[in-house]
Amino acid sequence: MSNSYIIPNSVLDELRAIVGPQGYYDTVVDIEPFLTDHRRLYKGNTALVLRPATTDEVSRILNVCNRHQVGVVPAGGNTGYCGGTAPAEDGSQIVISMAKLKKIRHVDPLNNTMTVEAGCVLAEVQQAAESVERLFPLSLGSEGSCQIGGNLSTNAGGTAVLRYGMTRDLVLGLEVVLADGQVLNDLSGLRKNNTGYDLRNLFIGAEGTLGIITAVTLKLFPLPRTHATALIALQNPTAAVNLLSSLRAASGDSLTTFELMPRIAIELVLKHIQGTSDPFTHAYPWYVLMEASSARNDSTIEDDITTSLATAQEQGLLLDAVLANSEAQRSLLWRIRENIPEAQRVDGGSIKHDISVTISDIPQFIKEGTALCEQLAPEGRIIVYGHLGDGSLHFNINAPAQATQVARAAFMNKAESLHRAMHDLTAQYHGSISAEHGIGRLKVEDLARYKDKVALQLMRDIKRTFDPNGIMNPGKVLKM
Ligand code: FAD
Ligand code: 2HG
Ligand code: ZN
């Protein structure tokens, strides 16, 4: 089905007039990048991509769309993993790119806050914080292209959640345009404000289904001055969980990152990503990238971590460790971890699961999940890695190495049965079928299947209250 729904020209003209000639795309070539999501799971159609530059323009656009019941798909950096930015195939929706709303409105180092527009790229937000000697701690492999509005809308996680929390934990205030064009102005920099329901948290993680986030007030933190970064080799995930516990006890809340990686992930990175090399002379079954940091110049963090790792080695918790001794070595270690998704993609792509369970359950979950995947797709290569410090795993199964197109397609056809088996297992562990990537279009059925029924009903009620005409990112997150 393609372009079977025609948005009337009069409505398209009304929308174009709001943003002016520089504020929209309507040619096939310009529109093309907005039709598909990052993972190319879906390809839709649209007649118009609007590029508003102000909150007022977003407000007027939604007012028109709501009156004419035209579906709206917000687009951030388009790095999302669940197909949230792809418009419907029938051409019934327009896309709103947030890329032009990118002012840093206000930085307040005394209050440790900054107010930025939704289209700011995450790396730019981090830099703006750093320019006043503050840290904005959200950190993802996609930070060079994802936008802060997209981060809020997916409630992104990343590699510093262990210390600073998810995106939700970093937000103090929001400006949101509602489906009918009204602007909710809640750009508060207050840390204490008990004046009724927490509306802000409804929009965070809503993936554009309740409104469009146009600006946000973020929390800032002291800028770390010293880091201790280590790549640690281990026998198995049980050792990793025990090591996490002993490092947390020894270093308190200075531990920022604790990322688990299997040998195969390291091998894929070394094979496909330029400028990487194995820091060890031996191959080991499992690895952890860990980082601790301190805002104090005189911190003893490196000595403390060295001592903790030596003790852990004596206790048999780890096999070997490399502590970065320069900024260059630190970034080499990070390069290995951050390039796992790219290395997996280049190596033929994967069937992905983004799950979380309690940290204590991780070793047994990995064992059972591995057995299930080996049974259902013995030809696949299991690559389980991720944010062990948060109980969050990317349980990915890569296509067989150098598979023919036919073999790859046969493997990819197993996606549904693998998803069902892995998500059933996750449910048995009382875990989450989406730890950090959201629901988008990809997991709408899964959400309906695994989420508590009362919670689902409340979510539908909220959706109807905020968006009675169902124009906000239709078909994403919830089956209405
Ligand atoms: P988009 O993909 O553009 O949009 C995501 C959803 O939000 C869509 O539904 C869209 O409609 C909606 N949306 C976007 N902007 C707005 C807005 N202003 N108002 C309302 N709705 C909006 N994710 C993690 O959580 N942790 C990771 O460690 C991580 N690592 C990654 C590494 C790589 C290499 C890649 C490619 C992705 C990674 N991701 C990770 C996934 C992705 O980067 C995050 O989900 C990110 O937050 C998406 O931001 P975006 O601007 O690209 O959003
Ligand atoms: C990461 O942690 C991202 O690197 C991507 O969340 C995970 O590709 C993936 O499955
Ligand atoms: Zn991740």
Looking at the range 357-365, is at least one residue within 16 Å of ligand 1 (Cβ to nearest atom), among the polar types (S, T, N, Q) and not in a helix (DSSP H, G or I)? no
Collect the residues in the range 335-365 that are among the acidic types (Asp, Glu) and more than 16 Å from ligand 3 (Cβ to nearest atom), keeping them in residue-number order. ASP347, ASP361
Among all residue pairs at least 6 apart or on different chains, which show Cβ distances below 6 Å where the first residue, located in the range 294-307, is assigned to a loop (DSSP other than H, G, I, E, B) and the second is β-branched (Val, Ile, Thr)? SER299/THR226
All-but-one check, GLY275 against (1) on the phi > 0 side of the Ramachandran plot; (2) within 16 Å of ligand 2 (Cβ to nearest atom), failing number (2)
Suppose the filter is in a loop (DSSP other than H, G, I, E, B) and either touching a residue at least 40 places away in the same chain (Cβ under 8 Å) or within 28 Å of TYR164 (Cα to Cα) (or both); does GLY386 pass it? no
Of all residues being hydroxyl-bearing (Ser, Thr, Tyr) and out of contact with any Phe, Trp or Tyr (no Cβ under 9 Å at 6 or more places or on another chain) in the range 141-186, which is nearest to ligand 3 (Cβ to nearest atom)? Just the residue, please. SER142
How about the range 396-420: which of its residues are closer than 29 Å to LEU244 by Cα and touching a Lys or Arg at 6+ places or on another chain (Cβ under 8 Å)? ASN396, ILE397, ASN398
Which residue pairs have Cβ atoms closer than 6 Å, lie 6 or more positions apart in sequence or on different chains, and pair a first residue in the range 352-366 that is among the hydroxyl-bearing types (Ser, Thr, Tyr) with a second residue that is modelled with pLDDT of 95 or more? SER356/GLY391; SER356/SER392; SER356/GLY431; SER356/SER432; SER356/ALA435; THR358/GLY391
Testing VAL384 on (1) more than 16 Å from ligand 1 (Cβ to nearest atom); (2) surrounded by 17 or more Cβ atoms within 10 Å (Cβ to Cβ), one condition comes back false. Which one is that? (1)
Return the only residue of ILE301, ILE382 being modelled with pLDDT under 95 and of a type in the set (A, V, I, L, M, F, W, C). ILE301
Run down SER360, SER356 and say which single residue is touching a helix residue (DSSP H, G or I) at 6+ places or on another chain (Cβ under 9 Å), under 24 Å from LEU447 (Cβ atoms) and hydroxyl-bearing (Ser, Thr, Tyr). SER356
Give me the pairs, please: first residue somewhere in the range 325-344 and of a type outside the set (Asp, Glu), second residue anywhere and surrounded by fewer than 17 Cβ atoms within 10 Å (Cβ to Cβ) and in a helix (DSSP H, G or I), beta-carbon distance under 6 Å, and either six or more positions apart or on two chains. ALA343/HIS272
State all residues of the range 285-299 that are touching a helix residue (DSSP H, G or I) at 6+ places or on another chain (Cβ under 8 Å) and surrounded by fewer than 18 Cβ atoms within 10 Å (Cβ to Cβ); if no residue qualifies, say none. PRO285
Test for SER145: is it within 16 Å of ligand 2 (Cβ to nearest atom), at pLDDT 95 or above and surrounded by fewer than 18 Cβ atoms within 10 Å (Cβ to Cβ): yes
Would you mention how many residues in the range 25-69 are surrounded by fewer than 21 Cβ atoms within 10 Å (Cβ to Cβ), farther than 30 Å from GLN344 by Cα and of a type in the set (Ser, Thr, Tyr)? 5
The lone exception for VAL346 - which of (1) closer than 21 Å to VAL288 by Cα; (2) within 16 Å of ligand 1 (Cβ to nearest atom); (3) surrounded by fewer than 15 Cβ atoms within 10 Å (Cβ to Cβ) it fails: (1)
Tell me which residues, restricted to the range 119-141, are in contact with an Asp or Glu (Cβ under 6 Å, 6 or more places away or on another chain) and within 9 Å of ligand 1 (Cβ to nearest atom). LEU122, GLY141
Across the range 1-36, what is the total count of residues that are within 30 Å of the chain's Cα centre (by Cα) and in a helix (DSSP H, G or I)? 9
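Condition check ((1) within 30 Å of ARG248 (Cβ to Cβ); (2) acidic (Asp, Glu); (3) buried (at least 23 other Cβ atoms within 10 Å of the Cβ)) across all residues:
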residue: ALA415; (1), (2), (3): no, no, no
residue: ASP424; (1), (2), (3): no, yes, no
residue: GLN428; (1), (2), (3): yes, no, no
residue: SER434; (1), (2), (3): yes, no, yes
residue: GLY440; (1), (2), (3): no, no, yes
residue: LYS451; (1), (2), (3): no, no, no
residue: GLN457; (1), (2), (3): no, no, no
Take the range 315-331 and flag every residue that is more than 18 Å from ALA292 (Cβ to Cβ) and assigned to a helix (DSSP H, G or I). ALA328
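The values are calculated or read from the model by the stated rules, or taken from the named source; none is laboratory data. Keep in mind that this is a model prediction, so the values were computed, not measured. Heads up, the Cβs are rebuilt from the backbone with ideal geometry, glycines too, and the neighbour counts pull from every protein chain shown.
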